[in-house]
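The values are calculated or read from the model by the stated rules, or taken from the named source; none is laboratory data. Here the structure is a predicted model, which is why all the values come from computation and not from measurement. When we count neighbours, we look across all protein chains shown, and the Cβ atoms used for this are built from the backbone with ideal geometry, even at glycine.
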Amino acid sequence: MSLKNKNLNIPIAIVSIVIPVLVAVLFIIPKPDIEAGFDVKLMPFFHAVLNSATAVLLVASLVFIKNGRRRAHKWANLSAVALSVLFLLSYVTYHFLTESTKFGDIDHNGIVDAAELGMIGGVRYVYYFLLLTHILLAVIIVPLVLFTLLRAFQDDNVRHRRIARITWPIWFYVAVTGVIVYIMISPYYS
């Protein structure tokens, strides 16, 4: 199927709106009382692995295109997209099945009290800055990645390069901060 003359702006806009709305709803709706059939506590680590692999693929993609290896560049990016989709599906599953972990909740009671705040100190500001920028840019990256891919598949190299210069650093930041946020909050998982 050729995407050369396809206008996919509306489907990309719909997907770009539906994904963050779905994720936001997961944090509002009550959690079902169902067993996953596997240990869901392993999922945040899995998410960090997916984000790490995505970051590595993005660096490889950049190196490939700088060295004129377009086919390797294409497959590195398609692999990064596949890992990002897998991440999204796993992330949605995890947050559908579990309550959110609170940063600094040392005793795992769901409340970060004054004593716990005192123990984590100012590092919480770093954590929340990284988390907030990660979330906001994760929302922005969806349409950027989709439009970057579309331009590549349309062989519109000028527009592909132009948007890729914006997409790549944001996507890389989202992948790397996903790992950093995991490392910072992992001591508070119960």
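Here are the numbers for the structure shown:
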read-out	value
Residue identified as within 15 Å of Phe172 (Cα to Cα) and among the β-branched types (Val, Ile, Thr) among Val81, Val40	Val81
Among residues of segment 32-60, those that are in a helix (DSSP H, G or I) and aromatic (Phe, Trp, Tyr), counted	2
Segment 137-171, residues that are aliphatic (A, V, I, L, M), more than 18 Å from Leu78 (Cα to Cα) and surrounded by 12 or more Cβ atoms within 10 Å (Cβ to Cβ)	Leu137, Val139, Ile140
Residue in segment 66-94 that is surrounded by the most Cβ atoms within 10 Å (Cβ to Cβ), counting only those that are touching a residue at least 40 places away in the same chain (Cβ under 8 Å) and among the polar types (S, T, N, Q)	Asn77
In segment 93-139, residue nearest to Tyr173 (Cα to Cα) [restricted to those that are touching a helix residue (DSSP H, G or I) at 6+ places or on another chain (Cβ under 8 Å) and of a type in the set (Ser, Thr, Tyr)]	Thr133
Count - residues of segment 149-166 that are touching a residue at least 40 places away in the same chain (Cβ under 8 Å) and part of a helix (DSSP H, G or I)	4
Residue check, Val63 surrounded by fewer than 17 Cβ atoms within 10 Å (Cβ to Cβ), part of a helix (DSSP H, G or I), at pLDDT 95 or above and more than 19 Å from the chain's Cα centre (by Cα)	yes
Segment 175-185, residues that are touching a Ser or Thr at 6+ places or on another chain (Cβ under 9 Å) and over 15 Å from Asn77 (Cα atoms)	Val176, Thr177, Gly178, Val179, Ile185
Leu22 being in a helix (DSSP H, G or I), surrounded by fewer than 11 Cβ atoms within 10 Å (Cβ to Cβ) and modelled with pLDDT under 95	no
Hey, Ser84 under 21 Å from Ile163 (Cβ atoms) and in a helix (DSSP H, G or I) or not	yes
Filtered residues of segment 98-121 (kept if within 28 Å of Ile29 (Cα to Cα), among the aliphatic types (A, V, I, L, M) and buried (at least 17 other Cβ atoms within 10 Å of the Cβ))	Val112
